[in-house]
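K.L.:
If you scroll down you'll find the structure; I have some questions about it.
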Amino acid sequence: MAPKKKKVVSGQLGTLEQRALALYDEDWDFRTFLSEQDPEKVDAIVLRLFHEASEQIECRQCLNCCRELSPQFDDTDIDRFAKGLGMTVKAYTDRYLIEDDDEPGMYLMRDRPCPFLGKDGCMHYELRPKECADYPHLENKDFLCRTMSVISDQGVCPIVFQVYQGLKAELWGKKGRKKRDRPV
């Protein structure tokens with residue numbers, strides 16, 4: 001049997017943002033519902049849905065995350081990137097990063113889109129920070145602790161959108177329910 005052809009989803013950011021915005025209130029209601037669910041069961045469903053979505057969507061063709069998000073860098077990420085580019089840590093940090101006001105000792109990419117985003121993707125893929133390598137973080141445990149960022153990331157990442165909407169359909173019903181319809 002021939003392997004499934006993956007969808008390429010580049011250039012559809014506006015449409016994805018619109019779809020996510022249209023579901024915003026419902027998604028927050030579902031987040032409340034999720035908080036009452038078994039975390040291990042939710043993690044298992046999310047992992048399955050993530051693998052299914054990843055089979056359908058070509059992540060490295062989309063690149064919305066590279067255009068729209070500012071990944072965090074820790075000292076290890078900074079050292080690796082600076083060394084890979086033949087720069088000192090100070091020169092790399094001064095040129096490309098800013099301090100993360102929310103997390104001392106962490107840095108964020110200064111500019112968006114990422115200055116290392118080329119027409120064919122990341123020009124330094126092997127050097128990318130851990131946060132880029134782990135994105136969209138759907139393989140990590142404790143999904144319920146990250147639902148705020150997941151709701152936000154639906155407007156950026158088609159895989160996140162597909163997983164959250166699939167989770168909602170599976171646990172909450174095909175059309176979703178309003179708060180008043182949820183079991184108490």
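The values are calculated or read from the model by the stated rules, or taken from the named source; none is laboratory data. Since the model is a prediction, treat every value here as computed from it, not as a measurement. Positions of Cβ are backbone-derived with ideal geometry, glycine not excepted, and every protein chain shown enters the neighbour counts.
K.L.:
With respect to Pro136, determine if the residue is out of contact with any Gly (no Cβ under 7 Å at 6 or more places or on another chain), in a loop (DSSP other than H, G, I, E, B) and modelled with pLDDT under 95. Before you say what the answer is, go through the steps one by one.
P.N.:
Details: out of contact with any Gly (no Cβ under 7 Å at 6 or more places or on another chain): yes; in a loop (DSSP other than H, G, I, E, B): yes; modelled with pLDDT under 95: no.
No.
K.L.:
Under 6 Å by Cβ, and 6 or more places apart or on different chains, what pairs join a residue from the range 62-74 that is touching a residue at least 12 places away in the same chain (Cβ under 8 Å) with one that is among the polar types (S, T, N, Q) and in a loop (DSSP other than H, G, I, E, B)?
P.N.:
Cys62/Ser10
For (1) out of contact with any helix residue (DSSP H, G or I) (no Cβ under 6 Å at 6 or more places or on another chain); (2) among the aliphatic types (A, V, I, L, M); (3) in the same structural domain as Trp28 (by TED's automatic domain parsing); (4) not in a helix (DSSP H, G or I), each residue gets a yes or a no:
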position: Arg95; (1), (2), (3), (4): yes, no, no, no
position: Asp101; (1), (2), (3), (4): yes, no, no, yes
position: Gly105; (1), (2), (3), (4): yes, no, no, yes
position: Gln165; (1), (2), (3), (4): yes, no, yes, no
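K.L.:
Applying the selection to the range 135-167, what residues are free of Cβ contacts under 8 Å to residues at least 60 places away in the same chain, surrounded by fewer than 19 Cβ atoms within 10 Å (Cβ to Cβ) and within 19 Å of Gln18 (Cα to Cα)?
P.N.:
Ser149, Ser152 - these are the residues of the range 135-167 that are free of Cβ contacts under 8 Å to residues at least 60 places away in the same chain, surrounded by fewer than 19 Cβ atoms within 10 Å (Cβ to Cβ) and within 19 Å of Gln18 (Cα to Cα).
K.L.:
Mind listing just one residue for me: the one in the range 78-97 that is among the charged types (D, E, K, R), closer than 19 Å to Lys130 by Cβ and within 26 Å of the chain's Cα centre (by Cα) and, of those, surrounded by the most Cβ atoms within 10 Å (Cβ to Cβ)? Working first, answer last.
P.N.:
At the first step, the residues of the range 78-97 found to be among the charged types (D, E, K, R) are 79-80, 83, 90, 94-95.
Now narrow it down to the ones that are closer than 19 Å to Lys130 by Cβ: 79-80, 83.
Add one more test, that the residue is within 26 Å of the chain's Cα centre (by Cα), and what stays is 79-80.
Working: Asp79: 13, Arg80: 17.
The selected residue is Arg80.
K.L.:
Could you grab me the full set of residues in the range 72-105 that are touching a Pro at 6+ places or on another chain (Cβ under 9 Å) and at positive phi?
P.N.:
Matches in the range 72-105: none.
K.L.:
Taking Leu171 as meeting all but one of (1) over 19 Å from the mean Cα position of the chain (by Cα); (2) in a loop (DSSP other than H, G, I, E, B); (3) among the hydrophobic types (A, V, I, L, M, F, W, C); (4) under 26 Å from Thr15 (Cα atoms), write down the number of the exception.
P.N.:
(2)
K.L.:
Of Met123, Met109, which residue is modelled with pLDDT of 95 or more and surrounded by 15 or more Cβ atoms within 10 Å (Cβ to Cβ)? Spell out how you get there, then give the answer.
P.N.:
Values: Met123 fails: surrounded by 15 or more Cβ atoms within 10 Å (Cβ to Cβ).
From the options Met123, Met109, the qualifying one is Met109.
K.L.:
Among the residues of the range 116-131, is any within 21 Å of Gly14 (Cα to Cα) and part of a loop (DSSP other than H, G, I, E, B)?
P.N.:
The initial filter retains those residues of the range 116-131 that are within 21 Å of Gly14 (Cα to Cα), namely 117-121.
If we keep only those that are part of a loop (DSSP other than H, G, I, E, B) too, we end up with 119-120.
Yes, the range 116-131 contains at least one residue that is within 21 Å of Gly14 (Cα to Cα) and part of a loop (DSSP other than H, G, I, E, B).
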